[in-house]
Amino acid sequence: MDLPFSTEDLARLYRFALLLTGDERAAQQVLYDACVECAARLGSYRNEASRLACVLANMRQKARTAPAGEGKGIARAFATLPEEERVALAGLYMGLLPARELAEALRMSLEDMGRVLKSARQRLERSALELGEPNLEQAR
């Protein structure tokens, strides 16, 4: 399968899938299935951002049906965020797309994405405090 992505982009796509699923095997399968499904039409997109948005949207759909991960600590807390919050925050952390294009790929306004991100960060902060672990912002 020939994909128009750099090794760095593929690594970030994998980390995105890992944040969505909380499980290495599920993340690998989500990424693989999304790439297989999108491969034939990626050449028709005019730029890299559009190609990435196609794969991200497909990965989101596939991650919804992936088995729940067995992560620990903050990774588990991340995996248990509501789906919309988990996807928006994972997309932001992976830096695959600028905020405006990420919001478009997730089919939400920038304002809605800001609200969703704020809620996700607050949930993770509470989880980190309860677990006595650094949150993702501190771990970066």
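The values are calculated or read from the model by the stated rules, or taken from the named source; none is laboratory data. Small disclaimer: the values here were computed from a predicted structure and weren't measured. Here Cβ is always computed from backbone atoms with ideal geometry, including for glycine, and neighbour counts include all displayed protein chains. The protein model used for the area step is the full one, side chains on, heavy atoms only, and it has no ligands, DNA or RNA in it. Shrake-Rupley method; radii C 1.70, N 1.55, O 1.52, S 1.80 Å.
Listed conditions (1) in a loop (DSSP other than H, G, I, E, B); (2) of a type in the set (D, E, K, R); (3) in contact (Cβ under 8 Å) with a residue 60 or more places away in the chain are all met by ARG107, apart from (3). Exactly one residue among LEU52, LEU10, LEU3, LEU19 is over 19 Å from GLU101 (Cα atoms) and either part of a helix (DSSP H, G or I) or modelled with pLDDT of 85 or more (or both), and that residue is LEU19.
Residues that are within 11 Å of LEU13 (Cβ to Cβ) and open to solvent by less than 20 Å² (accessible area, probe 1.4 Å) within the stretch 86-96 comprise ALA90, GLY91, LEU96, listed in sequence order. Just wondering, is there one or more residues in the stretch 26-37 that are assigned to a helix (DSSP H, G or I), among the charged types (D, E, K, R) and over 28 Å from ARG126 (Cα atoms)? Yes - at least one qualifying residue is present in the stretch 26-37. ARG115 passes every criterion in (1) buried (at least 19 other Cβ atoms within 10 Å of the Cβ); (2) within 20 Å of GLU125 (Cα to Cα) apart from (1). Taking the stretch 13-58, which residues are surrounded by fewer than 18 Cβ atoms within 10 Å (Cβ to Cβ), in contact with a Phe, Trp or Tyr (Cβ under 9 Å, 6 or more places away or on another chain) and farther than 18 Å from ALA79 by Cβ? The one that is surrounded by fewer than 18 Cβ atoms within 10 Å (Cβ to Cβ), in contact with a Phe, Trp or Tyr (Cβ under 9 Å, 6 or more places away or on another chain) and farther than 18 Å from ALA79 by Cβ: GLU48.
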